[in-house]
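**Q** Shown below is the structure under consideration.
The values are calculated or read from the model by the stated rules, or taken from the named source; none is laboratory data. Since the model is a prediction, treat every value here as computed from it, not as a measurement. Methodologically, a virtual Cβ is constructed for each residue, glycine included, from the backbone with ideal geometry; neighbour enumeration extends over all protein chains shown. For the accessible areas, the whole protein counts, side chains as well, though only heavy atoms, and no ligand, DNA or RNA atoms are used. Shrake-Rupley method; radii C 1.70, N 1.55, O 1.52, S 1.80 Å.
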Amino acid sequence: NYFKDIIVIKKKEERKSLEKEWETLTAIKQGYTGEETISITPLAYYSEETHDVLITKRKARKNLNVLFAERISLEKKIEECIHTMRNLAKLHNMDLKSAQYDPVSEMKRRVLGRFEYTKEAETFFEVYQEFHQRRTQGQEHVTSHGDLLPQNILECGILIDFETRISACPWFDI
């Protein structure tokens, strides 16, 4: 690996599309200083008429998709998962205002909106709705990543790509 740090310039073709990510990164930077790193460093954000630009700095690290595809030990994989869960818990403890996520509506859109409407699809949706209500009953909503896929986690549990941050049950990110 030749690079110690890398600069990432992210451009989105719609206005205010990266504002939430900038807010998240700056809040994390203010809340966790020194050796405690849970995300990347925000450098600049600006919005123009046709697009947003976010500039960040981070260590040259692999994402978990790449890392787990390599021949690494089970112990290393477990260690990476522990780092991720610790950093995710820190994110969940932050009080950032976000839209409340409604997984039932999203599932309905995905299942009933994308496939031919059938009695089986409706039954599947009803079972999912009942499962979701049982699983999240009494759960508080917290600041959630909203798109926690392995490619959005770097080595050492570093969380990236917060543009879909939401308020949701903590289980949503897991």
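**Q** What is the helix-to-structure angle for 119-136, meaning the angle in degrees between its Cα long axis and the longest Cα principal axis of the chain, kept from 0 to 90 and rounded to the nearest 10?
**A** 60
**Q** Would you mind estimating how fast the chain diffuses translationally, via Stokes-Einstein at 37 °C and 0.692 mPa s with the Kirkwood radius over Cα pairs, in µm²/s? Could you put the intermediate results ahead of the total?
**A** Numbers: Rh = 18.0 Å.
Once the numbers are plugged in, D ends up at 182 µm²/s.
**Q** Which of Gly31, Val66, Ala99 sits farthest toward the positive end of the charge dipole of the chain, with +1 on the Cβ of Lys and Arg and -1 on the Cβ of Asp and Glu?
**A** Of the options given, the answer is Val66.
**Q** So, with a 1.4 angstrom probe, what is the percent of accessible area on the chain that is carbon and sulfur? Before the final figure, lay out each step's value.
**A** Numbers: 5700 of 11120 Å².
Heavy-atom surface of the chain belonging to carbon and sulfur, 1.4 Å probe: 51 percent.
**Q** State whether the stretch 36-109 is rounded, prolate or oblate according to the following rule on the C-alpha gyration tensor (a ≥ b ≥ c being the square roots of its eigenvalues): a/c under 1.5 gives rounded; otherwise a/b larger than b/c gives prolate, and the remaining case gives oblate.
**A** Values: a/c = 1.80, a/b = 1.29, b/c = 1.40.
Judged from the Cα gyration tensor, the stretch 36-109 comes out oblate (a/c at least 1.5, b/c at or above a/b).
**Q** Report the full-extension gain for the segment Lys10 to Ala60: residue separation times 0.36 nm, less the Cα-Cα distance, to one decimal in nm.
**A** Working: separation 50, 0.36 × 50 = 18.00 nm, distance 1.62 nm.
Taking 0.36 nm per residue and subtracting the Cα distance, the gain is 16.4 nm.
**Q** Something else now. Pick from Leu64, Leu74, Leu18 the residue whose mean-square fluctuation is largest in a GNM of the chain, springs joining Cα atoms under 10 Å.
**A** Per the Cα network of the chain with a 10 Å cutoff, Leu74 tops the list.
**Q** Using DSSP to call loops (not H, G, I, E or B), can you name the GluC sites (Glu not before Pro) in the stretch 70-163 whose Cβ has at most 14 other Cβ atoms within 10 angstrom?
**A** Sparse-neighbourhood loop GluC sites (Glu not before Pro): Glu70, Glu116, Glu140.
**Q** Next question. Among Ser39, Ser105, Ser144, whose mean-square fluctuation peaks in a Gaussian network model of the chain (Cα, cutoff 10 Å)?
**A** Per the Cα network of the chain with a 10 Å cutoff, Ser105 tops the list.
**Q** Next question. In the full protein assembly as shown, how much of Asp95 is accessible to a 1.4 Å probe, in Å² to the nearest 10?
**A** 120
**Q** Over the stretch 1-103, give the accessible area per residue in Å² for a 1.4 Å probe, as an integer.
**A** On a per-residue basis, the stretch 1-103 sits at 67 Å².
**Q** If each residue of separation counts as 0.36 nm, what is the full-extension length gain between Phe68 and Met85 once their alpha-carbon separation is subtracted?
**A** My answer for the length gained is 4.5 nm.
**Q** Let me check I have the definition right: for the stretch 78-174, take the eigenvalues of the Cα gyration tensor, multiply each by 5, take square roots. What are those semi-axes in whole Å, largest first?
**A** Whole-Å semi-axes of the equivalent ellipsoid: 28, 15, 13.
**Q** Would you please give the FRET efficiency between Glu140 and Glu35, computed as 1/(1 + (r/R0)^6) with r the Cβ-Cβ distance and R0 = 22 Å, to the nearest 0.05?
**A** On the way: r = 29 Å, r/R0 = 1.33.
FRET efficiency, Glu140 to Glu35: 0.15.
**Q** Which chymotrypsin sites (Phe, Trp or Tyr not before Pro) from the stretch 24-57 combine a DSSP loop assignment with at most 16 other Cβ atoms within 10 Å? Numbers along the way, then the final one.
**A** Working: sites: Tyr32, Tyr45, Tyr46; in loops: Tyr32.
Taking the stretch 24-57 and a limit of 16 other Cβ atoms within 10 Å, the loop chymotrypsin sites (Phe, Trp or Tyr not before Pro) found are Tyr32.
**Q** Now, a different point. Reachable lysines from Lys90, Cα under 24 Å, same-chain residues fewer than 8 places away excluded?
**A** Output for Lys90: Lys20, Lys29, Lys57, Lys59, Lys62, Lys76, Lys77.
**Q** Compute the acute angle (0 to 90°) between the alpha-carbon long axis of helix 74-92 and the principal axis of greatest extent of the alpha-carbon atoms of the chain; round to the nearest 10°.
**A** Once rounded, the angle reads 80 degrees.
**Q** Please give the FRET efficiency for Ala44 paired with Met94, using the beta carbon to beta carbon distance and R0 = 25 Å, rounded to the nearest 0.05.
**A** With R0 = 25 Å, the Cβ-Cβ based efficiency is 0.70.
**Q** Sticking with this structure for a sec: When a/c reaches 1.5 or more, the comparison of a/b and b/c decides; with that in mind, is the stretch 1-63 rounded, prolate or oblate per its Cα gyration tensor?
**A** Because a/c hits 1.5 or more and a/b fails to exceed b/c, the stretch 1-63 counts as oblate.
**Q** Which loop-located chymotrypsin sites (Phe, Trp or Tyr not before Pro) does the stretch 48-151 contain, where loop means any DSSP state but H, G, I, E or B and the Cβ has at most 12 other Cβ atoms within 10 Å?
**A** Loop-located and lightly packed - Phe115, Tyr117.
**Q** Okay, next question. Taking the Cβ-Cβ separation of Glu106 and Glu75 as r and a Förster radius of 45 Å, what is the calculated FRET efficiency to the nearest 0.05?
**A** 0.80
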